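Written below as structure tokens is the structure these notes are about.
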Amino acid sequence: MIDIVNEPEQAMKTFKEAMQKVRTSPPWMTNRQKEAAFWNPYSFEGGSTAALAGDNFAIIASDTRMSQFEINILTRDAEKIHVLNNSIILACSGFYGDVLQLKRLLEARLHKYRFDYRGDMTVDLCAELLARNLYYRRFFPYYTGSILAGIDEDGKGAVFSYDPIGCIERLQYTASGSAEPMIMPFLDCQVGHVTLTGDVEKPPLTIERATSLMKDAFRVSAEREICTGKGAVFSYDPIGCIERLQYTASGSAEPMIMPFLDCQVGHVTLTGDVEKPPLTIERATSLMKDAFRVSAEREICTGDKIHLVIAERGKPIRQMHLPLRED
């Protein structure tokens, strides 16, 4: 028997231990009820996605690794980017079963819209449709980090970032997934120019520069993030829509990809008087490659390949697969 008056600290410690034991294994529950209480229908299977938008294009990139518990590599060829039509691209990381179900749901809705209205849905409408479907499942949500990209009705690239229950934001760039902590600082620097002051000239974001940035982001991520694997897929095209951003990322490598895109595309490190490089489609492609390459180095769930999809105004959607590290 503990003397509560003379040993209050010991008495409190004993009380907390007893309460913790009851919470962990309630005596009034059967073994089956205890097992059901700890059952989890979800599994995070790694992978990383990122996207950025330019004046007349949008680029989405992802790796192709599917892992489990940051230990097992289930496959090195899991597609995380899905081209829904000529102007809408969906990229998802997270639980792959939910990723495929969400893709099938959107494809069915787009097909019905095409049948009813004799035309393709715009990216803005699809962005709102996706947000509503995610919110509809808010009590048992799809375990995905979704990014929707495309060309809007004004011919400008658009990127929309979602959380699992449908909150949306249109951004210039974003990342999602296991390598997000690595890719986002890179994009913040290269696209957001967060390190530049207001008087510094910022480079334009051409499609060439955007592609290069994506390559760099995934190249670095694959080196440092164990769930980001060797191989990348890029998608180009004029796309669009809900949060609308210039660039974004989703998935396990998002904390790595987004800082990279903030730097290279957002130019968050540049002051106003520093010249910022234009974001051409070539630079954007390179940035995406770099973002995933870096993430694959530091984030275990990102790896194997980069799946890059590029949408450009007046041109068909392009896709490519690039290798990342496999270890």
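Structure above, values below:
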{"quantity": "Antiparallel %, DSSP beta bridges [both residues in the chain], to 5", "calculated": "60 percent"}
{"quantity": "Net charge dipole size for the chain [Lys, Arg +1 and Asp, Glu -1 on Cβ; Debye, nearest 20]", "calculated": "1020 debye"}
{"quantity": "Most mobile of 219, 32, 283 in a GNM of the chain (Cα contacts under 10 Å)", "calculated": "32"}
{"quantity": "Charge dipole (debye, nearest 20) of the range 137-213; +1 at Cβ of Lys and Arg, -1 at Cβ of Asp and Glu", "calculated": "280 debye"}
{"quantity": "Residue exposure sequence - 130, 100 - by fewest surrounding Cβ within 10 Å", "calculated": "100, 130"}
{"quantity": "Of 117, 308, 292, farthest towards positive along the dipole that unit charges on Lys, Arg, Asp, Glu beta carbons give the range 45-322", "calculated": "117"}
{"quantity": "Least to most buried among 294, 200 (fewest other Cβ within 10 Å first)", "calculated": "200, 294"}
{"quantity": "Subset of 156/202; 289/315; 112/289 violating a 31 Å alpha-carbon distance limit", "calculated": "112/289"}
{"quantity": "Amide hydrogen neighbours beyond the local backbone of residue 201, cut-off 5 Å, H modeled", "calculated": "274, 275, 276"}
{"quantity": "Label-point separation, residue 86 to residue 23 (7 Å along Cα→Cβ), nm", "calculated": "5.8 nm"}
{"quantity": "Placed amide H near residue 301: partners under 5 Å, 5+ positions off or other chain", "calculated": "47, 226, 227, 228"}
{"quantity": "Label-point separation, residue 11 to residue 120 (7 Å along Cα→Cβ), nm", "calculated": "7.3 nm"}
{"quantity": "Theoretical gain in end-to-end length, residue 201 to residue 137 [0.36 nm per residue, Cα-Cα removed]", "calculated": "18.6 nm"}
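Computed from the coordinates by the stated procedures, all read-outs in this text should not be read as laboratory data. Keep in mind it's a predicted model, so treat the numbers as computed, not measured. Reconstructed Cβ throughout: ideal geometry from the backbone, glycine too, with neighbour counts over all protein chains shown.
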